[in-house]
Amino acid sequence: MTAYYFEEYSEGKVIATPGRTITEADIVNFAGFTGDWAQMHTNEEFSKGAFFGRRIAHGALTFAVSTGLVVRSGALSDETTIGFYGVDQLRYLKPVSIGDTIRCEIQVLGKQDKGKNGVVDLGIKILNHRDEEVAVYNMKILSKKRNESG
């Protein structure tokens, strides 16, 4: 895995992540961890008559898994990332179901030099195994420089 320092991000650069399949265990564990036992996630019979016609993953679960995929790509790493600045414009576009495999496309939207480090703006697209966008958001990270003298 490549770990990216501030200097290695250039506007327009695209970084791909590996994929990950969402499982029944993911949904149950996430519901238990968060306390979100909404029936659209946890009740098969209820979900058959609900809006999507099937159980779906929590949106927050999809987002959380995407952050792990971003880490696996090297765009966030213990070696080069100082901190996660935040998320803007998070939108869920399509449901994610048990058995769907998601991956991310990360595009560098810009960066700001802050002297000894810098802020990098990343556009994240979460795609399913049919290459459909299921969610999008912008992530900001505080990144180390190779030469921290500024």
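The values are calculated or read from the model by the stated rules, or taken from the named source; none is laboratory data. Everything numeric in this text was worked out from a predicted model, so none of it was measured. FYI the Cβ positions are ideal-geometry reconstructions off the backbone, even for glycines, and counts take in every protein chain you see.
For THR101, indicate whether it is closer than 16 Å to GLY19 by Cα, in contact (Cβ under 8 Å) with a residue 24 or more places away in the chain, surrounded by fewer than 18 Cβ atoms within 10 Å (Cβ to Cβ) and of a type in the set (S, T, N, Q). Criteria met by THR101.
The residue that is farthest from TRP37 (Cα to Cα), counting only those in segment 58-79 that are hydroxyl-bearing (Ser, Thr, Tyr) and surrounded by 20 or more Cβ atoms within 10 Å (Cβ to Cβ), is SER73.
The residue list ALA3, ALA31 contains one member that is under 20 Å from the mean Cα position of the chain (by Cα), surrounded by 12 or more Cβ atoms within 10 Å (Cβ to Cβ), on the phi < 0 side of the Ramachandran plot and in a helix (DSSP H, G or I), which is ALA31. Scanning segment 114-135 for residues that are touching a residue at least 60 places away in the same chain (Cβ under 8 Å) and assigned to a strand (DSSP E or B) gives ASN117, GLY118, VAL120, ILE126, VAL134, ALA135. Under the condition of being closer than 21 Å to HIS129 by Cα and modelled with pLDDT of 95 or more, the residues counted in segment 71-115 number 18. Among the candidates SER97, SER47, SER77, which residue alone is polar (S, T, N, Q) and in a helix (DSSP H, G or I)? Only one candidate passes the filter, namely SER47. Looking at GLY118, GLY68, GLY123, just one residue is touching a helix residue (DSSP H, G or I) at 6+ places or on another chain (Cβ under 9 Å) and at pLDDT 95 or above, and that residue is GLY118.
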